[in-house]
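The values are calculated or read from the model by the stated rules, or taken from the named source; none is laboratory data. Every value quoted in this text rests on a predicted model; they were computed, and no experiment measured them. Cβ atoms come from the backbone with ideal geometry, glycine included; neighbour counts cover every protein chain shown.
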Amino acid sequence: MKYLVLIYGNPMSRGIWERLTEEQRAAGLQAYTELTESLAASGELIVTEALADPSAGKRVTVQDGKAMTTDGPFAEVKEHLAGFYLVDCDSVERAVEVASRVPEAEFGMVEVRPVLSLSDLGSL
Amino acid sequence: MTTAEIEGLLRDLAPQVLGTLVRRHGGFDTCEDAVQEALLAAAVQWPRDGVPANPRGWLVTVASRRLIELFRSEAARRRREETVAVQEPPDPDPAPAVDDTLTLLMLCCHPSLTQVSQVALTLRAVGGLTTAEIARALLVPEATVAQRISRAKQRIKADGAEFRLPPDAERAERVAAVLRVLYLIFNEGYTASSGAALQRVELSTEAIRLARQLHERLPDDGEVTGLLALMLLTDARRPARTRPDGGLVPLAEQDRGLWDTAAIAEGIALVTGALASTAIGPYQLQAAIAAVHDEATRAGDTDWQQILTLYDLLAGIAPGPMITLNRVVAYAMVHGPRAGLDRLAEAEDDPALAGHYRLAAVRAHLLDLAGDRAAARQQYALAARRTLSLPERRYLESRA
């Protein structure tokens, strides 16, 4: 089963990150490196990316077949997606274990979502 | 021979060649790499130059040469100055094979491996698929599959798992693990609606091929026979199971004229034989249930009483939440939808079922049958939100 581990950020988590000492930040980044390496080694990692700050984002609207963009950040959005891991593992328990190793999990900013399968068996 | 025939031949030979190499030289992990390379070489050369007179011998020779190169470079890496006695090139025309497919299957489904690794390793070492083909079939990147296979091989090496059949005391458990992996591969299969599907190995077909090989080695194992029958009887409905747009067609609405009658006949013969002559087991019972469905030329002719009896037996020997639910459906078909809904309310006490999409889907179906369309739609919508399968979600949404 594939699961998407979503890592969110908000002004609070950003503030915490900015107040960390150099060593603490290094330790946080090290935790990510270790998690990524261990998931690659176990053959569970499909892809992981960290996203640029929401201020670099653009919102796209198509009107009359024409695409228009609005530049971020978007004030009404309290939380933003900061990065993700797409993993393929044996169980949701295992996916939760993966998510619990993301440093942001300490602040409750990590979510596990199952990916819909294309299998049409085991149904009906 | 056509390219497709050559591919089929190569994949049938793959486990035999691998078995020969491992017995001669030891080192499952390196042998597996060598065989994979020999298969790739054959896939290029044979369509161009013709199939050699002794295809199996050709593969063994090429794989052995490659293996020696691998041993050499490994040894060279380890200690360049040391003179290494390299093994002699093997006899190019090997003695008739001891059959290694069973041993290989059990090694690939070794209990120390994760399930995703068991699947990948089985498809490659026994199925003879390339890493790229496995990746396409499982819809994951090639690097992910390569890593799974290499990790699994390291694990087998570290565990000291040997290339021989497990002792009799462990045999049943190890066969059960193989059956689980084959069933998992079968269920990974799906009917893709896009043209890209032509490039994919169909995992359901591959699982049937592997189950057939296992059945040839263990013809008296009723559960092996049962699983093969279950796969054939389920796969027989594939042409009727999806609409051209990829939408699901439920069993009751399928055009039964599209069903594969040869597969049904084979499945029925297999399960009938197993039930009559071997100890009864869950795969045989599920196959028997599939057979009862397949025997009905019209949905209305389905012998639901017999299906209910089979579910009662199944619930007795292998109880589980999905068995409970399916039994409720059979109960409703015999005793009426309202009686089924009462049973469903009882089933909901099982914590594994409370909140499960299948419970909502069954409730929706029974409410529909009972004529309560409004409540049914609500339950279909609930089930659609909770399912983890995309085709199923589309189907459930269409009913809501």
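Here are the numbers for this structure:
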{"read-out": "Filter result for residue B:201 (over 21 Å from residue B:297 (Cβ atoms) and of a type in the set (A, V, I, L, M, F, W, C))", "value": "yes"}
{"read-out": "Subset of the range A:104-124 (residues that are touching a helix residue (DSSP H, G or I) at 6+ places or on another chain (Cβ under 6 Å), more than 10 Å from chain B (Cβ to nearest Cβ) and at pLDDT below 90)", "value": "A:107"}
{"read-out": "Filter result for residue B:69 (exposed (fewer than 14 other Cβ atoms within 10 Å of the Cβ) and either assigned to a loop (DSSP other than H, G, I, E, B) or at pLDDT 95 or above (or both))", "value": "no"}
{"read-out": "In the range B:204-246, the residues that are among the β-branched types (Val, Ile, Thr) and more than 18 Å from residue B:119 (Cα to Cα)", "value": "B:225, B:234, B:242"}
{"read-out": "Residue tally, condition in contact with a Lys or Arg (Cβ under 8 Å, 6 or more places away or on another chain) and either under 21 Å from residue B:178 (Cβ atoms) or of a type in the set (S, T, N, Q) (or both), over the range B:262-299", "value": "1"}
{"read-out": "Pick from the range A:55-94, criterion farther than 20 Å from residue A:105 by Cα and of a type in the set (Lys, Arg), ranking: surrounded by the most Cβ atoms within 10 Å (Cβ to Cβ)", "value": "A:59"}
{"read-out": "Helices (runs of 4 or more DSSP H) (entirely within the range B:103-192) containing at least 2 residues that are at the interface with chain A (Cβ under 10 Å from one of its Cβ atoms)", "value": "B:115-121, B:142-159, B:168-188"}
{"read-out": "Boolean, residue A:21 is within 30 Å of residue B:120 (Cβ to Cβ) and hydroxyl-bearing (Ser, Thr, Tyr)", "value": "no"}
{"read-out": "Identity of the residue in the range B:254-310, of a type in the set (Asp, Glu) and assigned to a helix (DSSP H, G or I), that ends up nearest to residue B:240 (Cα to Cα)", "value": "B:294"}
{"read-out": "In the range B:381-400, the residues that are in contact with a helix residue (DSSP H, G or I) (Cβ under 7 Å, 6 or more places away or on another chain) and within 13 Å of chain A (Cβ to nearest Cβ)", "value": "B:383, B:384, B:386, B:387, B:393, B:396, B:397, B:399"}
{"read-out": "Among (1) surrounded by 20 or more Cβ atoms within 10 Å (Cβ to Cβ); (2) of a type in the set (A, V, I, L, M, F, W, C); (3) without any contact (Cβ under 8 Å) to a residue 60 or more places away in the chain - the single one residue B:248 does not satisfy", "value": "(3)"}
{"read-out": "Test: residue in the range A:67-85 that is within 30 Å of residue B:392 (Cα to Cα) and within 14 Å of chain B (Cβ to nearest Cβ)", "value": "yes"}
{"read-out": "Condition check for residue B:197: away from chain A (no Cβ under 11 Å), surrounded by fewer than 17 Cβ atoms within 10 Å (Cβ to Cβ) and modelled with pLDDT under 95", "value": "no"}
{"read-out": "Residues within the range B:153-167 that are in contact with an Asp or Glu (Cβ under 9 Å, 6 or more places away or on another chain) and either exposed (fewer than 12 other Cβ atoms within 10 Å of the Cβ) or closer than 15 Å to residue B:22 by Cβ (or both), tallied", "value": "4"}
{"read-out": "Positions within the range A:97-124 being assigned to a helix (DSSP H, G or I) and surrounded by 15 or more Cβ atoms within 10 Å (Cβ to Cβ), in sequence order", "value": "A:98, A:99, A:103, A:104, A:105"}
{"read-out": "Selection within the range B:154-179 - more than 22 Å from residue B:99 (Cβ to Cβ) and not small (Gly, Ala, Ser)", "value": "B:154, B:155, B:157, B:159"}
{"read-out": "Checklist (1) at pLDDT below 95; (2) farther than 24 Å from residue B:118 by Cβ applied to residue A:90, failing item", "value": "(2)"}
{"read-out": "Pick from the range A:1-18, criterion over 30 Å from residue B:120 (Cβ atoms) and surrounded by 12 or more Cβ atoms within 10 Å (Cβ to Cβ), ranking: nearest to the other protein chains (Cβ to nearest Cβ)", "value": "A:8"}
